[in-house]
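Reviewing the structure listed below.
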Amino acid sequence: MPRTNAWRVVALLAGCTTGLGAMAEELRFIACPIYRDVPDSGRKGGCWLAEDGASGVRYDVSMSPVKPDWNHEVLVEGMVAATQDNACGGTVLDAVRVSILPGVCTRHSLPAEGYPARKFTLPARNTRPLSEKRVPPPPPWANRSFHLQYEWNRSFGVYQLDDYYLDQAIWYIRAVDPREVVVRGYAATTPSTVSGRVIAERDDVARERAEKVAESLRRLGTPPGVIKVEWHDAASAAAIDAADGLVEPSRRRVEIQVVVR
């Protein structure tokens, strides 16, 4: 994991009040999303905004791996970006995660108002085509862990983001022929208050996450006999690359631990 992300998590957990701690302040609120109808910005482009009711600040959440559904409320978790491009007419959050919630929203659209949006570019964490030649890691091999991160209260992986880390895991497993692969699901079942609401993940979502990942590994060729499945509620935060330094999203994860022979 990049050291900058690890330090963000350490600062948050320690309640640091230094300049680093201020930089790493994590926002968390529930809102109805707003779509800004900007000029064509390519596939998967456009602007998604969400307004924090407590502060009245409108945030640009377009950088989230999960895009909002404007029919439903969203849980927004993120940090204010160091660089603000004002592409969508809101304070840019990056890192940022959006989780789609069951609450119903009235669709809200804004005109372009001169904002240019951002042209779509392939994310840095993008699964490589199967046609590309993979170079297996050279021995000696070491135990290694891979992590997937999830939307709040959901057990399906985040499209593209989790595909990227699952792809890394399966190619490592194929290369090292491990003695054991331990799949651990985690969930944030401890209640927390967000935008005046008490929320907590389902008691069974950690198990669902682990079992679905284990099934994916089996279908991708991992021998069933080496897979061990565990799950844990009331998860603590963890410094995982897939969460980009965000504390609360890091609690919603699956760890794939590859144990070599």
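In table form, for the structure just shown:
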read-out: Filtered residues of the stretch 91-124 (kept if more than 30 Å from Trp171 (Cα to Cα), part of a loop (DSSP other than H, G, I, E, B) and among the small types (Gly, Ala, Ser)); value: Ala112, Gly114, Ala117
read-out: Residue ID - modelled with the lowest pLDDT, chosen from residues in the stretch 18-56 that are within 12 Å of Pro68 (Cβ to Cβ) and among the small types (Gly, Ala, Ser); value: Gly46
read-out: Qualifying position, being in contact with a Ser or Thr (Cβ under 8 Å, 6 or more places away or on another chain) and modelled with pLDDT of 95 or more, among Lys212, Lys228; value: Lys212
read-out: Condition met for Thr127 (open to solvent by less than 100 Å² (accessible area, probe 1.4 Å), assigned to a loop (DSSP other than H, G, I, E, B) and among the β-branched types (Val, Ile, Thr)); value: yes
read-out: Candidate set from the stretch 182-193 (those that are over 16 Å from Phe146 (Cα atoms) and in contact with a helix residue (DSSP H, G or I) (Cβ under 9 Å, 6 or more places away or on another chain)); member that is surrounded by the most Cβ atoms within 10 Å (Cβ to Cβ); value: Ala187
read-out: Members of the stretch 144-181 found to be surrounded by fewer than 16 Cβ atoms within 10 Å (Cβ to Cβ), at pLDDT 95 or above and among the hydroxyl-bearing types (Ser, Thr, Tyr), listed by number; value: Ser145
read-out: Condition check for Glu208: open to solvent by less than 50 Å² (accessible area, probe 1.4 Å) and not β-branched (Val, Ile, Thr); value: yes
read-out: Cross-chain or 6+ apart pairs with Cβ under 9 Å, the stretch 111-129 first and farther than 11 Å from Gly46 by Cβ and of a type in the set (Val, Ile, Thr), then outside any loop (DSSP other than H, G, I, E, B) and open to solvent by less than 50 Å² (accessible area, probe 1.4 Å); value: Thr127/Leu166; Thr127/Asp167
read-out: Options Trp7, Trp70: the member that is surrounded by 14 or more Cβ atoms within 10 Å (Cβ to Cβ), among the aromatic types (Phe, Trp, Tyr), part of a helix (DSSP H, G or I) and at pLDDT below 95; value: Trp7
read-out: Which listed residue, of Val104, Val98, Val76, is in contact with a strand residue (DSSP E or B) (Cβ under 7 Å, 6 or more places away or on another chain) and open to solvent by 90 Å² or more (accessible area, probe 1.4 Å); value: Val104
read-out: Hey, Ala234 in contact (Cβ under 8 Å) with a residue 40 or more places away in the chain, open to solvent by less than 20 Å² (accessible area, probe 1.4 Å), of a type in the set (A, V, I, L, M) and part of a loop (DSSP other than H, G, I, E, B) or not; value: no
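The values are calculated or read from the model by the stated rules, or taken from the named source; none is laboratory data. Predicted model only: the values in this text are computed from it and were never measured. Quick reminder, even Gly has a Cβ in these numbers, built from the backbone with ideal geometry, and neighbours come from all protein chains shown. In case anyone asks, the SASA skips ligands and DNA or RNA and just uses the protein heavy atoms, side chains included. Shrake-Rupley method; radii C 1.70, N 1.55, O 1.52, S 1.80 Å.
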